[in-house]
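> Before we start, here is the structure in question, set down as structure tokens.
The values are calculated or read from the model by the stated rules, or taken from the named source; none is laboratory data. The structure presented is a predicted model; accordingly, all values stated were derived computationally and were not measured. Here the Cβ is made from the backbone with ideal geometry for all residues, glycine too, and neighbour counts use every protein chain on show.
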Amino acid sequence: MIDKRIIDFIQEHHLLTLSTSKENIPYSSNMFYVYNKENNSLIFSSDIKTKHAKDFIENSNVAASIALETKDLKKIQGVQLLGKITELKAEGLNNATKQYLKEFPYAEKMKLHLWEMKLTFIKMTDNRLGFGKKLIWEKTVN
């Protein structure tokens, strides 16, 4: 089970840095996301013509991070994530679209191409719990 503090942190934020790799060349991009608690995944929109989308279409294994921007060492919080990206289709797409537009209603005027990053590993640093305190979750293989 994922620690509630990790879920709360992810749900309190909306901007992630996604890192991809193609032919051993890394690339990072920023995007808005919503957290799907039922699937333990992040939903985001990206056109297939972008560099990062071309990368994750070829290699769906990605890394990401979400961080609270602060200079106060006692307040530092952030998560490092690993996951696998899939294109949303059918009912999954309908549900994700509703969730995404609820969080970002202005996106209704945009052409959405939604993807899901299913999380396999989360490491949260939370200095409010003690300097350098880490909370770790990893998906168990069935």
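> Only residues that are of a type in the set (A, V, I, L, M, F, W, C) and either within 19 Å of residue 6 (Cα to Cα) or touching a residue at least 40 places away in the same chain (Cβ under 8 Å) (or both): list them for the stretch 76-98, please. Don't jump to the end; show me each part of the working.
From the stretch 76-98, those of a type in the set (A, V, I, L, M, F, W, C) are 76, 79, 81-82, 85, 88, 90, 93, 96; that's our starting set.
Across the stretch 76-98, the qualifying residues are 76, 79, 81, 82, 88, 96.
> Then there is this: Of the residues 66, 57, 48, which is in a strand (DSSP E or B) and of a type outside the set (S, T, N, Q)?
Unique residue meeting the criteria: 66.
> Here's something else I'd like to know. On the given criteria, is residue 127 over 30 Å from residue 23 (Cα atoms), surrounded by 12 or more Cβ atoms within 10 Å (Cβ to Cβ) and either of a type in the set (Val, Ile, Thr) or out of contact with any helix residue (DSSP H, G or I) (no Cβ under 8 Å at 6 or more places or on another chain) (or both)? I'd like the intermediate steps shown before the answer.
Values: over 30 Å from residue 23 (Cα atoms): yes; surrounded by 12 or more Cβ atoms within 10 Å (Cβ to Cβ): yes; either of a type in the set (Val, Ile, Thr) or out of contact with any helix residue (DSSP H, G or I) (no Cβ under 8 Å at 6 or more places or on another chain) (or both): no.
The answer is no for residue 127.
> Give the stretch 1-29 a look and list any residue that's over 10 Å from the mean Cα position of the chain (by Cα), within 22 Å of residue 126 (Cβ to Cβ) and in a strand (DSSP E or B), or say none.
19, the sole residue that qualifies.
> Let me ask you something else. Residue 2 versus (1) hydrophobic (A, V, I, L, M, F, W, C); (2) crowded, with 19+ Cβ neighbours inside 10 Å; (3) touching a residue at least 60 places away in the same chain (Cβ under 8 Å): which is the lone unmet condition?
(2)
> With part of a strand (DSSP E or B) and at pLDDT 95 or above as the only criterion, which of 101, 135, 82 stands out? Give the derivation first.
On the way: 101 fails: part of a strand (DSSP E or B); 135 fails: at pLDDT 95 or above.
Just one listed residue meets the conditions, 82.
> Right, another one. Looking at this structure, is residue 134 within 16 Å of residue 8 (Cα to Cα) and either surrounded by 16 or more Cβ atoms within 10 Å (Cβ to Cβ) or not β-branched (Val, Ile, Thr) (or both)? It would help to see each step written out before you state the result.
Numbers: within 16 Å of residue 8 (Cα to Cα): yes; either surrounded by 16 or more Cβ atoms within 10 Å (Cβ to Cβ) or not β-branched (Val, Ile, Thr) (or both): yes.
Yes.
> Which of the following residues is at pLDDT 95 or above and either out of contact with any His (no Cβ under 7 Å at 6 or more places or on another chain) or closer than 24 Å to residue 139 by Cβ (or both): 91, 12?
Values: 91 fails: at pLDDT 95 or above.
None of the others qualify; the one that does is 12.
> Are there any pairs, at least 6 apart or on different chains, whose C-beta atoms fall under 6 Å, with the first in the stretch 57-75 and farther than 22 Å from residue 116 by Cβ and the second surrounded by fewer than 16 Cβ atoms within 10 Å (Cβ to Cβ), and if so, which?
none
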